[in-house]
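For reference, the structure discussed in these notes is given below.
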Amino acid sequence: MSLTNTRAGYGWAAILLHWISAAGVVALYLTGEAMEEAAGRPARLAAMGQHVGLGVLLITFLAARILWSASQVRPAPLEANRLMRRLADLVQFLFLAMIAVQIVSGPLVVWSNARPLDVFGWFAIASPFPVAVEWLHEGAESVHKLTANLFWPLLGLHVLGAVKHLVIDRDATLRRMLWVKRAA
Ligand code: HEM
């Protein structure tokens, strides 16, 4: 069992971080949407509590996912078509960039209001801003909302690619993100 990636496949650290982040980002998107659709202030605050609490707990995993992915050798692509390879790389890059923007802009939306990041009432992380900074709040909120719109298109393309490899190419692209393959 390899911790790190090889040219033959992913190590277990990359696999674990991938699936924890995948579940986490879907949960963050859904709680973010629930917040947007909440009827009335109490419901919106409750949904925001879930989204922010979950977000803070997941930030470490999401940041680790981005840094680990950048520091590791990439397994050799199994896709024969160069254009498809480029498209897959672009989608993966944009996905990680989207997550990076969200884990920075999300906390800033709260902190720029001079409010702490509250994690389910268990603990809170105080704002570095002693008073509200209106322009930063507006900016972070716009960036966070606009970037969230990339979620479905990127997830759709990413999953479509995995299904193509599973059903049409019948290669190990999805399999090697499910368990560690021994180096040849
Ligand atoms: C990949 C991670 C994330 C995704 C996919 C995501 C997604 C979303 C979505 C879909 C919304 C609703 C946007 C709208 O109203 O149109 C939202 C709002 C919000 N998110 Fe996130 N989010 C993420 C990470 C975070 C983190 C880490 C935090 C803070 C710890 C956070 C804090 C907020 C706040 C405060 C709002 C409310 C913005 C407002 O309407 O004032 N988010 N997020």
Looking at the chain as a GNM with Cα springs under 10 Å, which of Phe151, Phe95, Phe123 has the largest mean-square fluctuation? Phe123
Inter-part distance where region 1-80 and region 98-119 are each reduced to a Cα centre, Å: 16 Å
With the crude spin-label approximation of a point 7 Å out along Cα→Cβ, what separation in nm comes out for Tyr29 versus Leu87? 1.8 nm
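Ignoring the sites themselves, what is the longest stretch of the chain with no trypsin sites (Lys or Arg not before Pro) in a DSSP loop and at most 10 other beta-carbon atoms within 10 Å? Spell out each step's value before the answer.
Values: sites that count: Arg7, Arg170, Arg182.
The reported range is 8-169.
Relative contact order of the chain, please, whole-number percent, based on alpha carbon pairs below 8 angstrom and at least 6 residues apart.
Details: 222 pairs, mean separation 53.7, N = 184.
With pairs under 8 Å counted, the relative contact order is 29 percent.
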Sorting Trp152, Asn81, Thr60 by the position of each Cα along the dipole of the chain (Lys, Arg +1; Asp, Glu -1; all at Cβ), the one nearest the positive end of that ordering is Asn81
Within region 49-130: Cβ-based charge dipole about Cα centre, in debye rounded to nearest 20 (Lys, Arg +1; Asp, Glu -1): 260 debye
In degrees rounded to 10, the 0-90 angle between helix 41-71 Cα long axis and the longest Cα principal axis of the chain is 40 degrees
Dipole axis of the chain (+1 Lys, Arg; -1 Asp, Glu on Cβ), positive-most option in Gly106, Ala132, His165: His165
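In debye to the nearest 20, how big a dipole does the chain give about its Cα centre with +1 on each Lys and Arg Cβ and -1 on each Asp and Glu Cβ? Mind showing how you got there, number by number?
Numbers: 16 positive and 11 negative charges, 192 e Å.
Charge dipole of the chain: 920 debye, to the nearest 20.
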In nanometres, what is the gap between the two model label sites at Lys145 and Leu67, each 7 Å from Cα along Cα-to-Cβ? 3.2 nm
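Values quoted throughout were computed directly from the atomic coordinates according to the rules given, and no laboratory measurement underlies them. From a predicted model like this one, the values you see are computed outputs, not experimental measurements. Backbone-built Cβ (ideal geometry, glycine too); neighbour counts: all protein chains shown.
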